[in-house]
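Engineer: Questions regarding the structure given below will be posed in turn.
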Amino acid sequence: MHTRRATLGAAAAALLAAPALAQAPFPDRPLRLVVSYPPGGVTDIVGRILAEPLGQRLGQPVIVENRAGAGGNIGAQAASAAEPDGYTLLVGTAAMYGVNPLLYAKSGVDLQRDFLPLGTINDMANVLSVNPKRLDVGSVKKLVARGKKGGLVFASVGNGSSSHLCAALLQRLGGFEATHVPYRGSSPQSRRCWRPR
């Protein structure tokens, strides 16, 4: 496993070898952008929007590779296993940095140790929604009242995701329980929301 310290050490060694750098400009081949959620979801769309101008700026294609599952850990593991040469980037989420270390303590990946964050590329809001064909409630108050009757199911983009935690908070504050169905990302989850069992 490559640590941030080893990556920084390799970068420092590369800077000291300036004549070698003059012979091998970076990048001299396509880059890999690992997206930690499935195609068609918000994280994937953001990664694809980023890939094209990044590739134009660097003069090399940036190839998006979706590695979904385990709340982003599958993608993080794939990116962590790559050679620390700057040719593999990871599009992560706040939950991967803040929640996953608690939920997946034995995942083998420590985002704080294994990756160097380059910056924030997007801010996303969570939206509470219901399918009116499946659940006839028109407000949060009505959803809570319906939840107290029991038998509700809700979908999220994965265990420990912000959509999961927000729904858990709503249940706690509203005084009801619903069955959680985690999906592997926002694309497969998009047609599912709060509904009766």
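Engineer: Using a probe radius of 1.4 Å on heavy atoms only, what accessible surface per residue do you get for region 29-71? Whole Å² is fine. Mind showing how you got there, number by number?
Structural biologist: Details: 2130 Å² over 43 residues.
Accessible surface, normalised per residue, equals 50 Å².
Engineer: Let me ask something else. Give the accessible surface of region 89-197 per residue, rounded to a whole number of Å², with probe radius 1.4 Å and ligands, DNA and RNA excluded.
Structural biologist: Counting only protein heavy atoms, the per-residue value for region 89-197 is 64 Å².
Engineer: Here's something else I'd like to know. Considering only DSSP states other than H, G, I, E and B, which trypsin sites (Lys or Arg not before Pro) in region 55-155 qualify as loop sites with at most 10 other Cβ atoms within 10 Å? Display every interim value, and only then the final one.
Structural biologist: Numbers: sites: Arg57, Arg67, Lys106, Arg113, Lys133, Arg134, Lys141, Lys142, Arg146, Lys148, Lys149; in loops: Arg67, Lys106, Lys133, Arg134, Lys149.
Those that pass, being in a loop and sparsely packed, are Lys106, Lys133, Lys149.
Engineer: Now for a separate question. May I have the count of lysine pairs in region 87-197 with C-alpha atoms under 26 Å apart, counting pairs 8 or more residues apart or located on different chains?
Structural biologist: On the way: Lys133/Lys141; Lys133/Lys142; Lys133/Lys148; Lys133/Lys149; Lys141/Lys149.
Lysine pairs satisfying the spacing and distance rule in region 87-197 number 5.
Engineer: Still on this structure: Hey, can you rank 83-96, 117-130 by average C-beta count inside 10 Å, highest first? Intermediate values should be presented prior to the final figure.
Structural biologist: Working: 83-96: 18.6, 117-130: 9.9.
In descending order of packing, they fall as 83-96, 117-130.
Engineer: Using modelled backbone amide H atoms (1.01 Å from N, in-plane), which distant-in-sequence or interchain residues come within less than 5 Å of Val34's amide H?
Structural biologist: Result for Val34 returns Glu65, Leu89, Leu90, Val91.
Engineer: Still on this structure: For region 84-197, give the percent of accessible area contributed by carbon and sulfur heavy atoms, probe 1.4 Å, rounded to a whole number.
Structural biologist: Values: 3880 of 7170 Å².
Of the solvent-accessible surface of region 84-197, carbon and sulfur hold 54 percent.
The values are calculated or read from the model by the stated rules, or taken from the named source; none is laboratory data. As the structure is a prediction and not an experimental result, all values here were calculated from the model. Every residue, glycine as well, gets a Cβ built from its backbone with ideal geometry; the counts of neighbours run over all protein chains shown. What goes into the accessible areas is simple: the full protein's heavy atoms, side chains included, and nothing from ligands, DNA or RNA. Shrake-Rupley method; radii C 1.70, N 1.55, O 1.52, S 1.80 Å.
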